[in-house]
Structure formats: structure tokens, C-alpha cells
There are 4 protein chains.
Amino acid sequence: MNAPLPALPKFQPKDPAFAARVRASFARQQAMVLIGARLTVVEPGCTEIALPYRPDLTQQKAYVHGGILGMIADSACGYAAYSLMPATSSLVTVEYKINILAPAKSDLVARGRVIRPGRTLTIARGDVYAADGTHVASMLQTLMMLADTPDTPEDAA
Amino acid sequence: MNAPLPALPKFQPKDPAFAARVRASFARQQAMVLIGARLTVVEPGCTEIALPYRPDLTQQKAYVHGGILGMIADSACGYAAYSLMPATSSLVTVEYKINILAPAKSDLVARGRVIRPGRTLTIARGDVYAADGTHVASMLQTLMMLADTPDTPEDAA
Amino acid sequence: MNAPLPALPKFQPKDPAFAARVRASFARQQAMVLIGARLTVVEPGCTEIALPYRPDLTQQKAYVHGGILGMIADSACGYAAYSLMPATSSLVTVEYKINILAPAKSDLVARGRVIRPGRTLTIARGDVYAADGTHVASMLQTLMMLADTPDTPEDAA
Amino acid sequence: MNAPLPALPKFQPKDPAFAARVRASFARQQAMVLIGARLTVVEPGCTEIALPYRPDLTQQKAYVHGGILGMIADSACGYAAYSLMPATSSLVTVEYKINILAPAKSDLVARGRVIRPGRTLTIARGDVYAADGTHVASMLQTLMMLADTPDTPEDAA
């Protein structure tokens with residue numbers, strides 16, 4: 001390249017206890033429990049989720065279902081974004097787009113990284129890799145912060 | 001509108017037994033069994049999947065996980081496309097993009113519709129609705145047909 | 001379909017002078033002038049943009065460039081959203097995704113329709129059609145309203 | 001990160017004259033001439049396009065139109081993919097999704113990089129940067145190779 005282009009940014013979390021907050025929120029995602037996903041890395045603006053292969057996660061040809069790839073990339077991106085948000089905030093996924101690059105019949109890891117944090121909207125990139133390093137899927141996602149909103153069910157008193 | 005624009009096309013399936021083939025393929029999607037999704041409608045270029053609400057499908061605020069919305073819309077679009085393909089073909093999801101329009105804490109239905117069938121690629125639109133009619137999510141998806149490829153696991157003898 | 005699903009919603013504009021406001025904003029889009037696009041329809045939550053074919057809008061095979069399809073669908077969706085916003089607001093495109101369904105060598109019309117208006121974010125769908133009715137492209141777009149922000153260049157005094 | 005993840009792959013072009021072929025195809029994109037875009041870098045699986053700021057490329061607030069950002073990222077990704085294809089092939093854009101990360105009122109550069117080359121489909125990532133290094137937009141794109149198809153207008157004899 002004749003013109004050097006910038007690397008992904010480094011982030012300074014607003015909430016020093018961001019990692020504990022992210023892990024507690026992830027633990028409330030019962031859909032992650034259902035599929036056996038674990039949050040393995042939490043850094044400022046970056047998370048990783050590990051998903052062991054199970055036959056009950058598959059589509060008709062025994063590959064991991066494309067929607068399951070979307071689930072772990074969605075959560076990885078969401079928590080990458082949430083790690084940079086204030087302690088009193090909540091967030092929602094606005095939209096995501098995922099390309100499935102290769103079929104997968106193995107344990108997976110999804111990495112989410114913030115590419116642009118914002119006051120209201122945060123944009124993140126997600127990538128899913130197989131155990132042998134194959135790049136399985138790539139995601140681009142938009143998240144919206146809800147200021148001063150609890151990150152727990154409304155009926156939880 | 002001062003210029004009328006065309007409605008979605010009507011489709012003629014290549015395989016008269018398309019509905020049975022689609023239902024058999026869906027029944028092999030163990031991920032759909034895991035989340036409790038049922039294929040309720042199969043028409044040429046159109047399917048519907050019903051998903052009863054369950055607490056184990058939720059994210060941290062007890063709404064249905066955005067990845068679960070993606071799963072049922074992905075399968076609904078995929079089977080809408082598969083209904084128009086030859087009996088000897090298989091298909092893969094190339095990519096999808098989903099906008100989440102409203103949070104959902106209810107039974108859901110995902111409708112998939114082909115908007116452009118093609119020899120190699122088919123484009124489909126998916127919409128997810130809540131029990132009260134709320135439009136919960138909208139998807140745009142690209143699928144690729146694999147000609148003369150079994151729609152079953154490779155190691156199934 | 002054994003379960004009727006809702007049609008696209010009807011919208012009530014907040015600003016009775018929405019059509020004039022949308023047309024004035026469109027007239028400031030010099031990129032639309034450059035490519036020869038005209039705003040032909042403005043209704044609440046819906047607009048249409050007409051683009052006559054010109055050789056200087058094409059890619060290497062003389063079809064209209066995929067980015068040009070994106071431009072007119074982007075503006076059509078954006079102004080569909082803007083038609084529903086307050087007179088004192090401005091808006092920005094957050095993201096869009098477009099599927100190109102067929103190559104086009106003819107006059108085009110892009111129709112944008114709001115599928116979910118929101119306080120902060122609005123989601124719209126765009127469709128591009130050729131003169132013979134061919135469905136050329138389909139878009140899904142996210143827009144963000146900027147409250148109490150002028151919709152004019154900052155340096156315009 | 002406790003688990004190192006792979007970098008983007010290095011590519012070996014099938015056509016040793018790929019750079020001249022890509023430049024010749026780009027020169028036929030009259031839409032790029034119209035907006036003043038230049039192809040500045042062509043490497044295997046990677047290209048860059050420079051776009052000087054001009055008032056006639058802007059939207060209503062004098063920022064570069066979001067569709068123009070899409071145009072240069074679309075072409076950058078497309079030619080990144082085309083660089084890896086056989087000399088006798090042509091390609092079409094299947095779809096793309098772009099997030100606009102920051103408004104831009106400056107010269108721009110779009111970089112396209114292949115993230116997965118395939119026999120039929122290639123997936124590429126595009127990023128647009130402003131002159132001051134600001135990350136302006138990020139794209140994820142799907143392209144389809146058309147084997148043994150001329151990359152020139154059909155009526156060109």
C-alpha cells in the first residue's frame with residue numbers, strides 16, 4: 001500500500017468495572033446458555049465467545065446453523081459495544097449483516113470488535129472462526145445505547 | 001403513487017413434491033428443534049415458521065434474542081428459496097441482513113418470501129411478526145443453490 | 001397463507017409542510033443533480049426518485065453502476081423517513097444494504113418506504129425498478145434523526 | 001486476546017496480468033469518471049480508489065453523499081475481487097452493506113480487500129477514510145464471478 005491506513009482504535013472504558021458488568025449481562029442471556037456459548041474474553045471494545053460444536057446446533061446437513069453463527073457474532077459485537085458504555089446504560093441491537101464464508105462442523109469462536117463508538121450508536125465488526133482457524137463468518141453490526149436504562153428485565157423488582 | 005409498481009411475483013415450482021422435500025429438510029434442522037420452531041406454511045417461494053415464546057430464547061432483558069430472530073428468519077427465507085429449486089439440489093445461506101424493529105416478548109412468526117429466484121443465487125425477504133401483529137424484524141437474504149448436491153449430511157450413508 | 005399478516009403501515013406526518021421541506025432538501029443534494037435524478041413523488045413515509053439512463057452512470061459493461069443504484073435508493077429511503085420527521089430536524093444515513101437483482105440499462109425509478117418510524121431511528125425499504133417493470137434492486141436502510149438540527153450546510157449563514 | 005486469531009490472507013493471482021486488466025476495466029467505468037474517482041492501488045486481493053472532494057458529490061448538508069461513499073467502496077471491493085479472477089471472467093456485485101461512521105467533507109480513499117475468494121462467490125470488505133485518517137465508512141460485499149464472460153459491453157463488437 002502506498003498510503004498507510006489506520007489500525008483499529010484503542011478504547012478507554014468509561015466504566016472501570018466494565019468487565020464484571022458485561023459478564024453479568026451475558027450470564028442473563030438465557031439463549032446463550034441454551035446453545036452452550038461461553039464469554040471467554042472481555043476487553044475494552046472487544047469480546048470473544050466460544051461455542052463448542054453440538055449436533056443440536058445444526059442445519060439439515062449437520063453444519064452449524066447460519067442463525068447460530070449470527071447469534072454468537074451478535075452477542076460478541078453487542079458486548080464489545082457494551083464494554084465501552086456507562087454503567088447505567090443498556091443497549092439494543094439495531095441491525096446486523098453477516099456473510100457466511102465457510103460451512104462449519106467444529107467448535108467456534110466469535111470475536112466482536114468496536115470499529116466506531118458513539119454517543120447513541122456504536123458500530124462493531126464480528127468474525128467467527130473454526131477450531132482450525134478457518135474464517136467462518138463476518139458481521140457488521142449497529143447498536144444503540146439506551147441511556148439511564150436498566151439492563152435487566154423490566155419486571156425484575 | 002402516480003406510477004403503479006409491480007407486486008411480488010408468483011412462482012411455479014420446478015419440483016411438484018417441493019412441500020414434502022422442504023418439510024423433510026426442515027425436520028433435519030436440529031437447531032430448529034432446539035428452539036422449538038415449527039414450519040407452518042410451505043408455498044411456492046414462501047414459508048412461515050412459528051416460534052412460541054420461551055424464557056430460554058431470551059437476551060439479558062427477557063426479550064427474544066436478536067440472534068434467535070435471525071435464526072427463524074434465516075430458515076424461513078432459506079426454505080422459501082428451496083421450495084423453488086430442483087429436487088436434486090441443496091442450498092447454502094450466503095449472507096443475510098436483519099433490522100430489529102421492535103423488542104419481542106411473545107410468540108413469533110417468521111415469513112420468508114423469494115423476491116428474485118435465480119439459477120445460482122436467490123434473494124429472499126424475511127419478516128418476523130409478534131402475536132399482536134407488531135412487525136418485529138425485517139431481513140434481506142442471499143442464498144446459493146448447489147446443483148446435484150444432496151441436502152443431507154455427507155457422512156449419511 | 002393461513003395466517004394473514006399486516007400490510008405496511010399508513011403514516012400521519014408531524015409537519016403539514018413535509019412535502020415542500022423534502023423537496024427543498026432534495027434540491028440541495030448536488031449529487032442528485034450530478035447524476036440527473038429527480039424527486040417525482042413525496043407522500044407521508046414514501047418517495048420516488050426517477051433516474052434517466054445515461055452512459056456516464058455506468059460500470060464497465062454499460063449497466064448502471066451498482067453504486068448509482070445505491071445512491072438513488074439511499075436518497076429515496078432517506079426522504080421517505082424525512083417526510084415523517086419534525087420540521088426542525090435533520091437526518092443522517094446510519095447504514096444500508098442493497099441486493100442487486102438484475103442488471104439495468106434503462107431509465108430507473110427508486111421507491112423508498114418507511115417500514116418503522118421511530119423517535120431516533122427510522123427503518124426504510126427501497127426498491128429500484130427498470131422502465132419495463134424489472135425489479136432491479138432492493139434495499140434495507142437505517143436512518144437517524146437529529147433533533148433541532150438544521151438540514152443545511154453548517155457554514156450557510 | 002488469549003487466543004490468537006488469523007490475519008487476513010495473502011493471495012496469489014491466477015492471472016499474472018491482473019493489474020493491467022483491473023485498470024482497463026476500471027477505466028471503462030464511466031460512473032467513476034463522472035465523480036472524479038481514480039484507481040490508485042492494485043494488488044492481489046486489494047485495491048484503493050481516491051476521490052477528491054467536490055461540491056457536486058454532496059448531500060443537502062454539503063457532506064459527501066452516502067451513495068457516493070457506497071460507489072467508491074463498491075468499486076474498490078469489486079476490483080479487489082476481480083484481481084484474483086481468471087483473465088477470461090467477468091463479475092457482478094450481488095449485494096453490499098455499508099455503515100457510515102462519520103460525515104465527510106474532504107478527499108477520500110476507499111480500500112477494498114478480499115476476505116474470502118471463492119470459485120463462484122467472493123466476499124470483500126471495504127473501508128473509506130478521510131484525508132485526516134478518520135474512518136468514514138465500512139462495507140461488507142458479495143461478488144459473483146461469471147466464468148468465460150467478457151468484461152465489456154455486449155454490443156461492443
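The values are calculated or read from the model by the stated rules, or taken from the named source; none is laboratory data. None of these values were measured; they are calculated from a predicted model. Glycine also receives a Cβ, built like all others from the backbone with ideal geometry; neighbour counts cover every protein chain displayed. Just so you know, the surface numbers come from the protein's heavy atoms only, side chains and all, with ligands and any DNA or RNA stripped out. Shrake-Rupley method; radii C 1.70, N 1.55, O 1.52, S 1.80 Å.
General remarks:
- Residue list for region B:98-129, filter: open to solvent by 30 Å² or more (accessible area, probe 1.4 Å), within 10 Å of chain A (Cβ to nearest Cβ) and part of a strand (DSSP E or B): B:Ile100
- Odd one out for D:Thr134, checked against (1) under 15 Å from the mean Cα position of the chain (by Cα); (2) at the interface with another protein chain (Cβ under 10 Å from one of its Cβ atoms); (3) polar (S, T, N, Q): (1)
- Among the residues of region B:8-37, just one is basic (Lys, Arg) and exposed (fewer than 13 other Cβ atoms within 10 Å of the Cβ), namely B:Lys10.
- Matching entry among B:Glu43, B:Glu95, B:Glu48 (being open to solvent by less than 30 Å² (accessible area, probe 1.4 Å) and farther than 29 Å from A:Ala102 by Cβ): B:Glu48
- Cβ pairs under 6 Å, 6+ apart, first in region D:18-38 and touching a residue at least 60 places away in the same chain (Cβ under 8 Å), second charged (D, E, K, R): D:Ser25/D:Asp151
- Criterion: crowded, with 16+ Cβ neighbours inside 10 Å, farther than 21 Å from C:Leu34 by Cα and among the small types (Gly, Ala, Ser) - qualifying residue of C:Ala87, C:Ala73, C:Ala81: C:Ala81
- Qualifying residue in region D:144-154 (condition: in a loop (DSSP other than H, G, I, E, B), of a type in the set (S, T, N, Q) and open to solvent by 30 Å² or more (accessible area, probe 1.4 Å)): yes
- Answer residue from region C:19-76, given it is in contact with a Lys or Arg (Cβ under 9 Å, 6 or more places away or on another chain), assigned to a loop (DSSP other than H, G, I, E, B) and at the interface with chain D (Cβ under 8 Å from one of its Cβ atoms) and is nearest to D:Thr149 (Cα to Cα) among those: C:Lys61
- Scan region B:51-61 for residues that are open to solvent by less than 20 Å² (accessible area, probe 1.4 Å) and not charged (D, E, K, R) and the total you get is 4.
- Qualifying residue in region C:89-98 (condition: over 24 Å from C:Ala24 (Cα atoms) and either touching a Phe, Trp or Tyr at 6+ places or on another chain (Cβ under 9 Å) or at pLDDT 95 or above (or both)): yes
- Looking only at region C:4-56, and only at residues there that are under 30 Å from B:Gly45 (Cβ atoms) and in contact with a Phe, Trp or Tyr (Cβ under 9 Å, 6 or more places away or on another chain), the one that is modelled with the lowest pLDDT: C:Leu5
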